[in-house]
Amino acid sequence: MTDFQKGLSALIGNIEKVIVGKRDAVELAVASLLSRGHLLIEDVPGLGKTMLARAIAGSLDLRFKRIQFTPDLLPSDVTGVSIYSQKSGEFEFRSGPVFTNILLADEINRATPRTQSSLLECMEEAQVTVDGMTYPLPAVFMVVATQNPIELQGTYPLPEAQLDRFFMKIAIGYPSAAEEVRVMEMQIREHPINSISAVLSDQELRKMQEAVCNVHIDNAVKGYIVKIVNATRKHEHLQLGASPRGSISLMRAAQAMALMRGKDYVEPTVVKLMAVPVLAHRLIVKPQSRLREITERIVLEEILGRVPVPIQGQ
């Protein structure tokens, strides 16, 4: 675990050169990366959503591409298109920006549902199908999408199928007064993102991703995860609970966080820590409950408070 700890510490420290005072958000983003999951960052404008995505990409020796999602963006602008070549007399595939390691889908909810759906196959199966031909994506592939929660005009809410493919949804939040002063000081001459450099190679990252799968998770803890997820399917305030994909994601997220903390096994407390960022965006609150200001987070916290936590060693 020591080598992994050094590498992860360097990665988190490098990202924090750009994202100040948001350790929790940075750790959750790294946990998503280690779990081979896709990340949705939702927060108000100006809090560093795009910078967090760029800092993750800049800290890794991987290819990075950015797509600015707009209403006129077409699916072929994301995945690529087949073009007829007069020289060869055949159609040739011109790959789109999705063929990369880290893809930043900036303001994803500004694109039409048709364009949003072009990422479904990419995110779930790590491949692209165009004109009946299937093209594999790189072994390391992660979508980091951003969206603003308060802008409604000119936006298209992500459908449930799309949200469920995001491994985790996080927010960054406003900085404290001292942190905001530090952010200002750091940008007097230039933005720190311009000087960030890679601290992990492709091979090092893939070894860490493989190590996550080897973190032991006891049957009692697996049962605990299933009970939490099953409770979302029966809750009186929920119209839609989490799917089995949610159970698998919560297990993997707990393994990743355990690895980051230098543990070779998953503790129930880590499951509780990861439950909200992993599950909340997969739930749909009933309209009448939402009118009473009941949110997905409130429901999950209530469930976590009443589902018995397994005792270690029993």
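The values are calculated or read from the model by the stated rules, or taken from the named source; none is laboratory data. As the structure is a prediction and not an experimental result, all values here were calculated from the model. Glycine gets a Cβ as well: all are built from the backbone with ideal geometry, and neighbour counts include every protein chain shown.
Out of curiosity, is F69 touching a Gly at 6+ places or on another chain (Cβ under 8 Å), touching a residue at least 24 places away in the same chain (Cβ under 8 Å), closer than 22 Å to F167 by Cβ and of a type outside the set (A, V, I, L, M)?
Values: touching a Gly at 6+ places or on another chain (Cβ under 8 Å): no; touching a residue at least 24 places away in the same chain (Cβ under 8 Å): yes; closer than 22 Å to F167 by Cβ: yes; of a type outside the set (A, V, I, L, M): yes.
In short, no.
Of all residues in the range 276-289, how many are within 14 Å of the chain's Cα centre (by Cα) and either without any contact (Cβ under 8 Å) to a residue 60 or more places away in the chain or part of a strand (DSSP E or B) (or both)?
Selection size over the range 276-289: 2.
Taking R94, is it within 20 Å of V140 (Cβ to Cβ) and either surrounded by fewer than 19 Cβ atoms within 10 Å (Cβ to Cβ) or touching a strand residue (DSSP E or B) at 6+ places or on another chain (Cβ under 8 Å) (or both)?
When the stated conditions are applied, R94 does not pass them.
Got at least one residue in the range 32-48 being at pLDDT 90 or above, more than 19 Å from R165 (Cβ to Cβ) and out of contact with any Ser or Thr (no Cβ under 8 Å at 6 or more places or on another chain)? Write out each step before concluding.
Taking the range 32-48 and keeping what is at pLDDT 90 or above, we get 32-42.
Cutting the leftovers down to more than 19 Å from R165 (Cβ to Cβ) gives us none.
Within the range 32-48, none of the residues are at pLDDT 90 or above, more than 19 Å from R165 (Cβ to Cβ) and out of contact with any Ser or Thr (no Cβ under 8 Å at 6 or more places or on another chain).
Output the residues belonging to the range 79-109 that are touching a residue at least 24 places away in the same chain (Cβ under 8 Å), among the hydroxyl-bearing types (S, T, Y) and more than 13 Å from M133 (Cβ to Cβ).
The answer is T100, and nothing else.
Could you tell me how many of the residues in the range 189-226 are in a helix (DSSP H, G or I) and hydroxyl-bearing (S, T, Y)? Lay out the reasoning, then the answer.
Keep residues of the range 189-226 that are in a helix (DSSP H, G or I), which gives 192-195, 202-213, 219-226.
Retained after the next criterion (residues that are hydroxyl-bearing (S, T, Y)): 195, 224.
Residues flagged as in a helix (DSSP H, G or I) and hydroxyl-bearing (S, T, Y) within the range 189-226 amount to 2.
Suppose we filter A139, A145 for residues that are modelled with pLDDT of 90 or more and more than 12 Å from the chain's Cα centre (by Cα); which single one remains?
Result: A139 is the single residue among A139, A145 that is modelled with pLDDT of 90 or more and more than 12 Å from the chain's Cα centre (by Cα).
In the range 33-52, which residues are assigned to a helix (DSSP H, G or I) and either in contact with an Asp or Glu (Cβ under 8 Å, 6 or more places away or on another chain) or more than 29 Å from M251 (Cβ to Cβ) (or both)? Don't jump to the end; show me each part of the working.
First, pick out the residues of the range 33-52 that are assigned to a helix (DSSP H, G or I): 33-34, 49-52.
Once the filter is applied, which keeps residues that are assigned to a helix (DSSP H, G or I) and either in contact with an Asp or Glu (Cβ under 8 Å, 6 or more places away or on another chain) or more than 29 Å from M251 (Cβ to Cβ) (or both), the range 33-52 yields K49, T50, M51.
What is the number of the single condition among (1) closer than 23 Å to D61 by Cβ; (2) touching a Leu at 6+ places or on another chain (Cβ under 8 Å); (3) among the hydrophobic types (A, V, I, L, M, F, W, C) that I196 does not meet?
(2)
Here is a yes/no grid of residues against (1) closer than 18 Å to V144 by Cβ; (2) in contact with a Phe, Trp or Tyr (Cβ under 7 Å, 6 or more places away or on another chain):
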{"residue": "R94", "(1), (2)": "no, no"}
{"residue": "I102", "(1), (2)": "yes, yes"}
{"residue": "A105", "(1), (2)": "yes, yes"}
{"residue": "T112", "(1), (2)": "no, yes"}
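Determine if the range 16-32 includes at least one residue that is assigned to a helix (DSSP H, G or I), within 14 Å of the chain's Cα centre (by Cα) and more than 20 Å from A280 (Cβ to Cβ).
No.
Can you name every residue in the range 155-202 that is surrounded by fewer than 17 Cβ atoms within 10 Å (Cβ to Cβ) and of a type in the set (D, E, K, R)?
The answer is E160, E179, E180, R182, E185, R189, E190, D202.
Looking at the range 133-154, which of the residues that are in contact with a strand residue (DSSP E or B) (Cβ under 9 Å, 6 or more places away or on another chain) and surrounded by fewer than 18 Cβ atoms within 10 Å (Cβ to Cβ) is farthest from D202 (Cα to Cα)? Spell out the reasoning first.
Of the range 133-154, the ones in contact with a strand residue (DSSP E or B) (Cβ under 9 Å, 6 or more places away or on another chain) are 133-137, 140-149.
Now narrow it down to the ones that are surrounded by fewer than 18 Cβ atoms within 10 Å (Cβ to Cβ): 133-136, 148-149.
Details: M133: 28, T134: 24, Y135: 21, P136: 18, N148: 31, P149: 33 Å.
For the range 133-154, the residue satisfying everything is P149.
Exactly one condition in (1) among the aliphatic types (A, V, I, L, M); (2) buried (at least 19 other Cβ atoms within 10 Å of the Cβ); (3) touching a Pro at 6+ places or on another chain (Cβ under 8 Å) is not met by M257; state its number.
Condition not satisfied by M257: (3).
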